[in-house]
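Quick notes on the structure that follows.
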Amino acid sequence: MDSSQQAVHDAFEELHTALTNAFFAASPGTEKDRLRHAADAVSEIVTSLNREDLKSRSADFASLKNDVVLVTKELTDLQASINGIVHDIEIATSVVQAIDKGLELGSKFFV
Amino acid sequence: MRQWITAWIAVLSGLCLTVSTSCISPAIHKNVPAFAEAVTIATENSKGAFDVVEAKYADVEADKLVVNYDTNGFDPRMVKRFLDPEDLNTRLTLLDALQRYASTLADVSSDQKLQEFDGKTQAFGAALRALTTTPAFQKLASASNTEINIATVAVDALGRWFIERKRQQRLPELIQQMQEPVRRTAELLQADIGDAPDINGAGGRGLRDQLWLEYTDGLVQEVAFIDKNKDRMDPNSKAAEIRKLPQLVRQRFTADQTLKQTSEALAKLVVAHSALLQATRTNTDVHAEFSALISEGQRIKAFYESLQKKD
C-alpha cells in the first residue's frame with residue numbers, strides 16, 4: 001500500500017472507529033441503528049482496501065514461487081543422484097548373486 | 001590376491017582419511033531436520049493466519065445477516081469471501097513450495113541415506129561371502145572372510161565419500177541460492193500480516209487490521225442482536241449473550257497477538273536459514289536456536305487451533 005492509499009485507508013478506518021465508538025455509547029433506538037449501518041458501510045470500504053492491498057502482492061508471491069521451485073528441483077536432482085549411489089550397490093549385490101548362481105549352475109554342467 | 005588386498009587397504013586408508021576430513025559438518029545432519037520442522041510450522045501458521053481472518057469474516061457476515069434479516073432478508077449473492085481464492089492460492093502454493101524445499105533439504109542432508117547405504121553394503125558383503133564359499137568359486141580363486149570384509153568396508157567408504165562429496169559440493173550453494181527467496185517470502189508475508197490499528201484506530205494494515213475490524217464488527221452485531229432481542233430473551237440466554245461481549249474483546253487482542261507472533265516467527269526463520277548456511281560452512285550447532293523456534297511455532301499453532309474451535 002503506498003502512502004496515498006494508506007492515507008485513504010487511515011481516514012476510513014478512523015471514521016469506522018468514531019462510528020463504532022458512537023454506536024457503543026448510544027442508547028438503543030433509530031439513531032443507534034443508523035450508526036451501525038454507517039459503520040457497516042465504512043467497514044466494507046476498509047475491507048475492500050485491505051483486500052486490494054493483499055492483492056497487490058499476489059504477483060510477487062507467484063514469481064517467488066518459481067525461484068523456490070527452481071532450487072528445490074536442483075535439490076531433488078541431488079537427492080536422485082545420492083539415491084543412485086545407494087541403488088548402484090544394490091545392483092552390485094545382484095550381480096554378485098547372479099555370478100554365484102552362474103558358477104553354481106556352470107559347475108553342474110562343466111565339472 | 002595378496003597384492004590385491006594390499007592395494008585395497010591402501011585405498012581404504014586414503015578414503016577413510018578423505019571422508020573424515022571432507023564430509024559436510026556433522027551438525028548439519030542434526031540442524032537441517034530441525035530447520036525443516038521450523039519451516040513447516042511457520043508456513044502452517046502463516047496459512048493459519050489467512051484461515052482465521054477468512055473464518056472470522058464469514059462469522060461476522062453471518063452475524064450481520066442475523067441482525068439485518070428482518071429488514072434485508074437473504075440473497076445468496078450476499079455470501080462473499082474476504083480474499084479472492086486466486087490470491088489465497090498464490091500464497092498457499094508458495095508456502096507449499098517452501099515446505100517442499102525444506103523437506104527435500106532435510107532428506108538430502110539426513111544420515112538416513114548413509115545408514116541405508118551401509119545396510120546395502122552389508123548385503124553386498126554377505127553376497128560376496130556367499131559367493132566365495134561356493135566350491136565353484138574356490139576352484140577359481142581364494143578369498144578369506146577378512147579379505148571380503150576389507151573389500152566391503154572399502155566399498156562402503158567409497159560410497160559414503162561419494163555421497164558426502166556431492167552434498168558438500170551442492171548443499172551450501174543451494175542453501176545460499178535460497179537465502180533471497182526465503183527472505184523475500186518472509187518479507188511479503190509480513191507485509192500481508194501487517195499491523196493492528198493504533199489507539200486512535202488508524203495505521204492498521206493487512207490481516208491484523210482486517211481481523212481487528214472483523215472482531216469490532218462482531219461486537220457491533222452482538223450488541224445490536226442483544227438490543228433487538230433483550231426483551232424477548234429469558235434471563236439465562238440474555239446473560240449468555242452479554243457474556244460474549246467481553247470475551248470478544250479479549251479474543252480480539254489475543255488473536256491479534258497471534259498474528260503478530262506469526263510475523264515475528266517469519267523474521268526469525270530468515271535468521272535461522274542464514275544460520276543454517278553458516279552451519280554448512282563451519283561446524284556450528286544451531287540446533288538449540290531451531291528448537292526454540294519450533295516450540296514458539298507450536299505454541300502459535302495451538303493458539304490458531306483454539307481460535308478456530310472457539311469460533
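Say each of B:Ala275 and A:Lys108 gets a label point 7 Å from the Cα, pointing the same way as Cα to Cβ; how far apart are those two points in nm?
Inter-label distance under the simple model: 6.4 nm.
Please state, to two decimals, what the Cα-based radius of gyration of the stretch A:60-111 comes to when divided by 2.2 N^0.38 Å (N = residues).
Ratio of Cα Rg to 2.2 N^0.38 Å: 2.26.
Looking at the P(r) of the protein assembly as shown, how many percent of alpha-carbon pairs lie beyond 36 Å?
48 percent
Hey, what angle do you get for helix A:3-25 against the long axis of chain A, alpha-carbon based, 0 to 90 degrees rounded to 10?
60 degrees
Using only atoms on other chains, find how many Cβ atoms lie within 10 Å of each Cβ of peptide B:62-71 and report the average.
Counting Cβ atoms of other protein chains within 10 Å of each residue's Cβ and averaging gives 1.
Counting only other chains, what is the mean number of Cβ atoms within 10 angstrom of the Cβ of each residue in peptide A:86-98?
Counting other chains' Cβ atoms within 10 Å and averaging over A:86-98 gives 6.
Counting other C-beta atoms within 10 Å, which of B:Ser274, B:Ser109 has the fewest, and how do the rest follow?
B:Ser274, B:Ser109
Please report the relative contact order for the stretch A:1-56, taking Cα pairs under 8 Å with a sequence separation of at least 6, and give it as a percent rounded to a whole number.
Worked out over the stretch A:1-56, it gives 45 percent.
Averaged over peptide A:1-10, how many Cβ atoms belonging to another chain are found within 10 Å of each residue's Cβ?
That works out to 2 on average.
How many angstrom separate the Cα center of the stretch B:41-118 from the Cα center of the stretch B:255-306?
If you average the Cα positions of each part, the centres end up 19 Å apart.
Could you calculate the contour length gain from B:Lys260 to B:Glu116, that is, 0.36 nm times the residue separation minus the distance between their Cα atoms, to one decimal place in nm?
47.6 nm
Cβ under 11 Å from B:Arg100's Cβ, B:Arg100 left aside: what net charge do those residues give with Lys, Arg +1 and Asp, Glu -1?
0
Exposure proxy check: B:Asp111, B:Asp75 ranked by fewest other beta carbons within 10 Å?
Least to most surrounded, the residues fall as B:Asp75, B:Asp111.
When only Cα pairs under 8 Å and 6 or more residues apart are kept, what is the percent relative contact order across chain A?
Contact order relative to length: 23 percent.
Farthest toward the dipole's positive end in the stretch A:1-56, which of A:Thr17, A:Ala41, A:Ser27, given Cβ charges of +1 (Lys, Arg) and -1 (Asp, Glu) about the Cα centre?
Farthest towards the positive end: A:Ser27.
Taking neighbour counts of Cβ atoms within 10 Å as a proxy for exposure, in what order, fewest first, do B:Tyr69, B:Tyr304 appear?
The most exposed by this proxy come first: B:Tyr69, B:Tyr304.
Specify the angular offset, from 0 to 90 degrees and rounded to the nearest 10, of the alpha carbon long axis of helix A:30-55 from the longest principal axis of the alpha carbons in chain A.
With rounding to tens, the tilt is 30 degrees.
So how compact is chain A: Cα radius of gyration and Dmax in angstrom?
My reading of the Cα-based Rg and Dmax gives 35.4, 111 Å.
Tell me the net charge near B:Phe50. Cut-off is 10 Å between Cβ atoms, B:Phe50 excluded, with +1 for each Lys or Arg and -1 for each Asp or Glu.
-2
Using the beta-carbon distance between B:Arg100 and B:Ile199 and R0 = 35 Å, what value does 1/(1 + (r/R0)^6) give for FRET efficiency, to the nearest 0.05?
0.25
None of the figures in this text is laboratory data; all of them are computed from the coordinates on show. Bear in mind that the values here come from a model prediction, so they are computed numbers and not experimental data. Please note: Cβ atoms are built from the backbone with ideal geometry, for glycine as well, and neighbour counts cover all protein chains shown.
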